[in-house]
Structure formats: structure tokens, C-alpha cells
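**Q** Below: one structure in C-alpha cells.
The values are calculated or read from the model by the stated rules, or taken from the named source; none is laboratory data. Keep in mind that this is a model prediction, so the values were computed, not measured. All Cβ positions, even for glycine, are placed from backbone atoms using ideal geometry, and neighbour counts span all protein chains on display. All accessible areas refer to the heavy atoms of the entire protein, side chains included, with ligands and DNA or RNA removed. Shrake-Rupley method; radii C 1.70, N 1.55, O 1.52, S 1.80 Å.
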There are 2 protein chains.
Amino acid sequence: MNTQTTPRGGTLPHVVIIGGGFGGLNAAQALRRAPVRITLLDARNFHLFQPLLYQVATGGLSPANIAAPLRAILKNQTNVQVLLARVENINAAEKYLTLNDGSHLSYDILIVAVGMRQHYFGNDHWERYAPGLKTIEDATNIRRRVLFAFEAAERESDPERVRELLTFVVVGAGPTGVELAGAIGEIANYTLRNNFRNIDPTQARVLLVEGADRVLPTYPPDLSARAAESLAKLGVTVRLNTFVRGLSADTVTLKSGDQEEIVRAQTTLWSTGVRAATFADALAAATGAPQDSAARLMVQPDLTLPAFPEIFVIGDAAHYPDKDGKPLPGVAQVAIQQAKYAARLIKARLRGDTGSPKPFRYTDLGSMATIGRAAAVANLRGLHIHGLLGWLIWLFVHLMALVKFQNRLLVLIQWAWSYFTRNRAARLITGDILPAPLPTPQAQHSPQPEAHKQPTA
Amino acid sequence: MNTQTTPRGGTLPHVVIIGGGFGGLNAAQALRRAPVRITLLDARNFHLFQPLLYQVATGGLSPANIAAPLRAILKNQTNVQVLLARVENINAAEKYLTLNDGSHLSYDILIVAVGMRQHYFGNDHWERYAPGLKTIEDATNIRRRVLFAFEAAERESDPERVRELLTFVVVGAGPTGVELAGAIGEIANYTLRNNFRNIDPTQARVLLVEGADRVLPTYPPDLSARAAESLAKLGVTVRLNTFVRGLSADTVTLKSGDQEEIVRAQTTLWSTGVRAATFADALAAATGAPQDSAARLMVQPDLTLPAFPEIFVIGDAAHYPDKDGKPLPGVAQVAIQQAKYAARLIKARLRGDTGSPKPFRYTDLGSMATIGRAAAVANLRGLHIHGLLGWLIWLFVHLMALVKFQNRLLVLIQWAWSYFTRNRAARLITGDILPAPLPTPQAQHSPQPEAHKQPTA
């Protein structure tokens, strides 16, 4: 027990950080030399590079390529202790948290960086039919569903059912939805070429459903247009001004204007609607802090909660209005910049500097989304880039951002490989393996002509 | 629908292969140019490079590094159709299989390469406490248990419980058991160094329990001795002539001679005792073929079943006696050589060559096992090699064997990396995340001195 490295003992102020995402991890690192002892709490033992999660969901990368153990990242920062724990509740008056094992953890300063979770607008049962993409498990679950749909189609004789199995609906055309739809289009048109004998994967239909009047609604219109072109090239059908009215195991009910349409689809993916993690509600209840419609906490100009200067909320779970009053987007850059602002403010206070701080200001470094192979759109401070150049910039930025990860090199090689071969290394169906019997009764027909149906099957 | 590439249609004899492991995959490939149509059945969509599975279980490699989609491997072999299906039963008289969806699949020639599964000698409930290492899910499950034990220990204040959490028992000192124990020893002594604040990972105890009088009992005694030395260097305690009498969630009852000992251990791994996959029993029932004590099918000198010349059994599920009457070991080489023998025999028959064939003969190319970093033992046709040279040979042989895999290069780099840094990239705890509350009541003490126990926790 190497006591000299423990962040506890001594009377240094105790900073507790909830969440090991971009916000929490960067806050811990920004306090590297601060006279504090830090406890970083996360329910997972790794930091996840969320922007590339869709690559895991589509078999392009392995989970370990985009995740690194928090302990490994922070092992040399001796004022941090990482604890694998879920925070169940908070007592803001007595300044302690209740963890999932029932124990209490006191704090002097609290940084809440809990992020968002999938939201189904009051239709939580939809989650079974249309998984979202927030965790590693979501990604491998989506990977299993997409790949298994092709496998089931290969065994299916009823053309109607084959069409249903090969129809993929992605709900929401934000960056994640666009990237998911593009990747599935690429899998169908290139990756699986010649892999099957009964079906032609290029016959797969990929529908991208968006309620707004263009894809990537938060991007400049010209880039939305470019993205739409790239999606069309990959065989993705975009449905704009369209909303999901209903979901079942193999249907999606779409509503556009006043006409409804029922699409038969085995696989539906949810990339719209997020809500602050549940702890945000507990925090609001304990502090009386207001929440917005997505349960995000309305923070003050210094990112703290009203009447609780020791509680910071940063990243996706914080509602901080930009110049024109809209909340800042839920992207890594916002979380990272807020983490550094909070760390600076904490250090200033520890120096005894009690003057009222300059409010947090977000510097938009730009946003980008990739569509399949060698195509991306980027909006870099007003400069609009698309196509191969956009993709190269996207690749560079993300590889550099992965710099903390020992396996950045692996990711580069894996990408180079899939770029040249359009192969996807991580096409594994894991988890519960075979639904027996297969999804629907029709599926019980054997694809083998010489096969004779079992009387009682 | 590219009918010209379908293995069906036409009247070519239909060869059905059950299992996409070393035996099944090599049989399909050896029949590349044969005038047959082949259907390869597997419940998984990928071929697994089993010899490296322990690397996934210990966070050294990602699942995708050692698995490749069967369709991708066989996509250019147009006389093969891959079907994702589990075989439930066989009608050997009418020559058809019943699949998991109830459909029937007829065959002219059947190659059974179903492999082995974990066996608990009539104590199947032990599986909950001591998982085996046969599938990708087994590997990620073991990885989760091992890593989570360290995480729980970091949060634990009761020294007794910490000791229990940091005690790892590996049952069975065959190659897999030796490799697992060595890798865990390495994780505790090197990989996790400085990762924790409350515990010292090097205090972890790794027990390797073996019923025989030496580790690697199937190896020459001098190599067993070398392996034991390497294990000792990694802090692994070997218990010979010792058997497991009982298992619970946190205890292992060991019996050596006539004294019993109860070891308190949170994590026990099972790498002894295998049994032929369940289909072997169905096949025996349908054909009257005899099975040995491990449920393997006793095959004839030409690897077929008595009275069923069209049914071949190859690989781990086949019992084929070597010169001194012992069954051939369950290693990849045996499966591969038997696959090629069966393919040759099938092609000869198709040529109308009905003379009684030369019996199958196994050429032992040697066997090797690796113990942690840069140490291995190899028995190459009587030549005994150990230490770094053995490890380099082991590395070379396995990398070459991975040649079919697009990500061989990734594996090499990942190994090079972990060799030089002793880091392990894939240290992710996935699956059901946090048992809440933690394993035992003691675990509810908070590691934080300033924490006050919850009255009703």
C-alpha cells in the first residue's frame, strides 16, 4: 500500500469528479498540479472516445481501440484516485454522495460531468426495438443486430421477409445518425460483397429519418447538401420532415405531414433524443437547480449551480446558453473547455482569489461528420470543407485526439486497412448468439431446396 | 441473387460440415476444387483462433484480433455456402440434419467438427463460480472478473476481504491453465503497477492447481520444470497432486492426499476437463457409434463412423488412438491434418476410387506453451526449447498461423507494444457493469476515512 501516492490523508481539499468522459477526465488532468486530492468516480473502468463509437457499432473498430482504462491514463497523476462506482444520490447540504454500495463519500468541491443518455420521448419501451448508441454494449448490440439481419436473410426463402430483414432504419440525421447510416450503406454495398450465396447485400435498403428539413440540421445548409449527396452515393435514402410515430419488433411507423407510412424493417437504430443522466435529476432535487426540457442543469456563468458555488456542472449535462441563447451543443470540445475553465476557477479560489470570475466563453473550433469512406463535411470556424479533404482533416483531428491512447497506431492501421480493402475487421456477432427459433415463423422455411419442412416445426 | 455462385442447384454431391473451427474450416478449404457443393454450419459467424483466446481473457488482445468472419475467409470459394445455424439433431438413416429453426438439411457426406466444451465432472453448477475458456464470451467474462476483483479490492477496507479479492485460482495446469495463470501473474506484477492507490496489485496471489505431479503433464518432464520456474518468477504458486473438491462464490476446497484446505478466493478459473459438444451425443444415439469417457466418438482408421462411411468425425470431438493407444490430443494440428485426410478421401471416392484407404496418421509437429512475457516452452519433434528462444518460436508460429486474418499485423503490433510496455490495451470491463451492492456486505465500508457509514446500509 503505497501511502505516499494516495490522494487522501492530509487536509488538502477533496475534489470529487463524477464521470470519466471528456469533461471529467480533462478536469482531473487540469488539476494535476493543484493542491487538492481528487477522486474520480465512474461506473466504467475506461474512458470512451465516443465520437468513434459508431465505428465499433459497424465493425470497423474494436471496443479497445476507442477505450482506455482510466487508471492507465491517470496512473502517474498521484493526486487522483479512480473509483469504480455509481453515484446514487447527493446530500448537497452536508456535502456527501451516496455510492451504489451504500457508502458515503464527502467532497469539498464537486464536478458533475455525467453526460447524456438515450431518450425515447416517453416511449421507453421503444428502446427494445431501436437501440441507441451511447455505450460499448450499445455498439456491440447494434453490430450484432445489423450483421445478424444479413445472416437471417441468407437463410430466408420468403422474399417479403428477406426485404424486411434487409431494411435498416436510422432515426435522427445528426452526426451520429449520418455516420451510422453511411457505414451501414458501405457495409451493404462493399464490405459484404460476395459474402453471401442466396442474397445480394447491395439490395439492402437504408432509410435515414429526420424531423428537420435537412440532414445535419445544426450544420451550415451547404454542408448538409454535401452530406446528403455522399449519403445518396452509398445508397442511403433520406426522409426529411418525417417523424417516428410507432415502433415494433419489425415495423416503423413514419409520419410526414399528415400521411402515415408503415415500413417493415427488422433493424431500427435510434440516434435522436438524448436526456441528461439520471443523477442530474437527483442533483436538481437536492439543490433546487432548474433543469431544461432535456433534464440538463441550468448553470450560472461560472458553471456552478445557484447557491452552491462548490458544485460545478460541465459537459453534456450542463445547459449553458451561447450568444443567441441556445444551449451549447453536446460535443467533446464544450466539455473539455468547461473542464479547463472549472479547474482554473478552482485553482484561483485556492489561491484565495475571491473576485467574481470572468464568465465561461466557448470557442467553437469547428464541427465535422464523416459519411462512409473518404467523405466528410467539416465546418471550421466558417470554413466549409467536404469530400476527401474533409475526410482527411476529420481523420487527422480524430487520430490526434486519440493521442492519449496507446493504441492510436492500431486505429490508424485498421482504418488504413479498411480504407484500401473496404473490409471491416471487427465483424463479430457476440453476445446471445442464436435466437432459436429465428425471429419470425416465416424464417423457419429452409433455404435448402432438398429440405422438407418438419411437420411440427 | 448471384445464382451462379450458389453451392446448390445442379446435382453435385452435397457435403455438409458442422463447425467452423480448425477442422471444419480446413475441410471446406481442402475441398476447394472438389466437384461438390459444401454447406458449412456454425452457430457463430466467425472462425476463432482458440490458441490465443487466453490473451483476450487477460486483456492483451481484442476479440477481433483472433477472430475472422467465416464468410470473409471463404467469400471467394464459390462452392461453399456458410449458414449461421445450430444443429439440433440428425437422422443418419435418411441423411438429414435438423437445425435450430426446425428446418431440415440433407447431406450426402457429413463432416462433424463440433469440438469440445467445458466439463465439470457432474458438478455443472460449478460453472457459475469457475468459468471456462472456450468462447469469446468466456474470455470477456473472465477478463471482467479478473479486472473487477482489483477494482473491488481498491474500494475495500477489510484486509481479509482484500486478500480474498486478490486471490486467483486457476484449476488445471495444461497449456491454457499455465498461460492464464502466467498472464494473471504478469497483470498483477507489471501491468497494473501504480494503477491503484489503496492496494498493491503485486500482493495478489495466483494459485495454479493441478491433479498430476507436474505442470504441463503432457509435455516432457524437463519442459514442465522450465515452465514451473517461469511461473514462479511471475509469482504463481503451483499446487500439484491437488484436486478441487468444492466451489462456492468465494471459496475453493482443495484436496491433496487426505488433507483438505479451503482457500478463500473471489476468482476461480476452470481450465481442466472438457467434453465433446452435445451434438456428439445425438450423433452417437443416431448411429450407435461408441463414445469414450469424454463423450468423444470412437472413429475408424479412416475417421468415419462404423457402418456410416459418409459420416466423418474430426478434431477434438473424435477419439483416434495414437501408437500407444492414447487418444490424440485436442490441438489444432490434429484437427487440421484430419480435415485434410477426410477431404483427400472424399475426393478419391468421387474419382470412383473405392479401394480401402490408408488409415489416418498424425504427424506431431510439436507443441508449445507460453508463460507470461518472453518465456515459453516448446517441444519440437524431440527438440526441447525454453525461455526467450522458445517464446520467439511460439510468437512466430502463431503469427504465421494467423496469416488468414487481415489483422495479423495488428496482433503483432499489439504484442510488440505489450512486450515493451507490459501494458495491456484491452483492459475493458464490459457486460453487466456494476453489481450493486458490491459482492459482499464487508465491501460496503467506504475506503474514504471521512466517509460515515450509512445507518441502514
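**Q** Restricting attention to the stretch A:137-194, which residues are touching a residue at least 12 places away in the same chain (Cβ under 8 Å) and of a type in the set (S, T, N, Q)?
**A** Once the filter is applied, which keeps residues that are touching a residue at least 12 places away in the same chain (Cβ under 8 Å) and of a type in the set (S, T, N, Q), the stretch A:137-194 yields A:Thr140, A:Asn141, A:Ser157, A:Thr167, A:Thr176, A:Asn189, A:Thr191.
**Q** Tell me, please, whether a residue that is open to solvent by less than 40 Å² (accessible area, probe 1.4 Å), in contact (Cβ under 8 Å) with a residue 60 or more places away in the chain, of a type in the set (Ser, Thr, Tyr) and more than 26 Å from A:Gly390 (Cβ to Cβ) can be found in the stretch A:271-278.
**A** Scanning the stretch A:271-278 turns up no residue that is open to solvent by less than 40 Å² (accessible area, probe 1.4 Å), in contact (Cβ under 8 Å) with a residue 60 or more places away in the chain, of a type in the set (Ser, Thr, Tyr) and more than 26 Å from A:Gly390 (Cβ to Cβ).
**Q** Please tell me if B:Leu328 is open to solvent by 70 Å² or more (accessible area, probe 1.4 Å), within 30 Å of B:Ala228 (Cα to Cα) and not basic (Lys, Arg).
**A** no
**Q** Mind listing whichever residues of the stretch B:219-238 are touching a helix residue (DSSP H, G or I) at 6+ places or on another chain (Cβ under 8 Å) and of a type in the set (Lys, Arg)?
**A** B:Arg226
**Q** On to the next question. Please work out if A:Arg193 is open to solvent by 40 Å² or more (accessible area, probe 1.4 Å), in a loop (DSSP other than H, G, I, E, B) and within 14 Å of another protein chain (Cβ to nearest Cβ).
**A** Working: open to solvent by 40 Å² or more (accessible area, probe 1.4 Å): yes; in a loop (DSSP other than H, G, I, E, B): yes; within 14 Å of another protein chain (Cβ to nearest Cβ): yes.
Here the answer is yes, as A:Arg193 does meet what is asked.
**Q** Within the stretch B:303-323, which residues are surrounded by fewer than 17 Cβ atoms within 10 Å (Cβ to Cβ) and within 18 Å of B:Asp364 (Cα to Cα)?
**A** The answer is B:Pro321, B:Asp322, B:Lys323.
**Q** What's the number of the only condition in (1) under 18 Å from the mean Cα position of the chain (by Cα); (2) open to solvent by less than 10 Å² (accessible area, probe 1.4 Å) that A:Pro175 fails to meet?
**A** All conditions are met except number (2).
**Q** Right, another one. Which is polar (S, T, N, Q), assigned to a helix (DSSP H, G or I) and in the same structural domain as B:Leu133 (by TED's automatic domain parsing), of B:Thr202, B:Thr237?
**A** On inspection, the qualifying residue turns out to be B:Thr202.
**Q** Can you tell me which residue is least open to solvent (accessible area, probe 1.4 Å) among those in the stretch B:246-259 that are at pLDDT below 95 and of a type in the set (D, E, K, R)?
**A** So, considering only residues that are at pLDDT below 95 and of a type in the set (D, E, K, R), the one least open to solvent (accessible area, probe 1.4 Å) is B:Asp250.
**Q** From the list A:Tyr54, A:Tyr107, exactly one residue is closer than 30 Å to A:Ala183 by Cβ and touching an Asp or Glu at 6+ places or on another chain (Cβ under 9 Å). Which is it?
**A** Just one listed residue meets the conditions, A:Tyr54.
**Q** Does the stretch A:196-209 hold any residues that are open to solvent by 20 Å² or more (accessible area, probe 1.4 Å) and touching a strand residue (DSSP E or B) at 6+ places or on another chain (Cβ under 7 Å), and which are they?
**A** A:Arg205 - this is the single residue of the stretch A:196-209 that is open to solvent by 20 Å² or more (accessible area, probe 1.4 Å) and touching a strand residue (DSSP E or B) at 6+ places or on another chain (Cβ under 7 Å).
**Q** Being open to solvent by 20 Å² or more (accessible area, probe 1.4 Å) and touching a Leu at 6+ places or on another chain (Cβ under 8 Å) is the filter here; which residues of the stretch A:220-243 pass it?
**A** Across the stretch A:220-243, the qualifying residues are A:Thr237, A:Val238, A:Arg239, A:Phe243.
**Q** When you scan the stretch A:38-49, how many residues do you find that are at pLDDT 90 or above and touching a helix residue (DSSP H, G or I) at 6+ places or on another chain (Cβ under 7 Å)?
**A** Here is the first cut: in the stretch A:38-49, the ones at pLDDT 90 or above are A:38-48.
Going one step further and asking which of them are touching a helix residue (DSSP H, G or I) at 6+ places or on another chain (Cβ under 7 Å), we end up with A:38, A:40, A:42, A:45-48.
Residues that pass the stated criteria total 7.
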